[in-house]
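A quick write-up on the structure given underneath.
The values are calculated or read from the model by the stated rules, or taken from the named source; none is laboratory data. No experiment lies behind these values; they were computed from the predicted model shown. Note that we place each Cβ from the backbone using ideal geometry, even for glycine, and neighbour counts take in every protein chain shown.
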Amino acid sequence: MQHPGGFTYIMSNKTRTVFYIGVTSNIRARVFEHKEGNGSVFTSKYRCYYLVYYEWFQYINHAIEREKQLKNWHRQWKINLIKEQNPEMKDLYDET
């Protein structure tokens, strides 16, 4: 049986120098947790409170596969991916 859909997403800090890649089935709730400092130790430590990129997948396992793929990418590849859909690297939270 397939699981419900999910998101692969990238959070960043204010200066867009640190990136955190994660997976969730509820993007709005998960990003809110990060913004409140409860998302993860990493995002709290590096103040990654800004959603700069996300992708939706019909099946959560595909989102997990994509997360693993992106975590292995070079930094510049991640930046290029983000800027393709979000050229100004603005916080996308209000669009979720």
(request) Could you list, in sequence order, all residues of segment 60-80 that are closer than 15 Å to Val18 by Cα, surrounded by 13 or more Cβ atoms within 10 Å (Cβ to Cβ) and either at pLDDT below 95 or not charged (D, E, K, R) (or both)? (result) Leu70, Trp73, Ile79
(message) Just the residues that are of a type in the set (Val, Ile, Thr) and either exposed (fewer than 15 other Cβ atoms within 10 Å of the Cβ) or closer than 16 Å to Lys14 by Cβ (or both), please, taken from segment 27-59.
(response) Val31, Val41, Thr43, Val52
(message) Condition first: among the polar types (S, T, N, Q), free of Cβ contacts under 8 Å to residues at least 40 places away in the same chain and either part of a loop (DSSP other than H, G, I, E, B) or out of contact with any strand residue (DSSP E or B) (no Cβ under 6 Å at 6 or more places or on another chain) (or both). Now tell me which residues in segment 1-34 satisfy that.
(response) Asn13, Thr15, Thr17, Ser25, Asn26
(request) Go through Tyr93, Tyr46, Tyr50 for me and flag whichever is at pLDDT 95 or above and within 10 Å of the chain's Cα centre (by Cα). (result) Tyr50
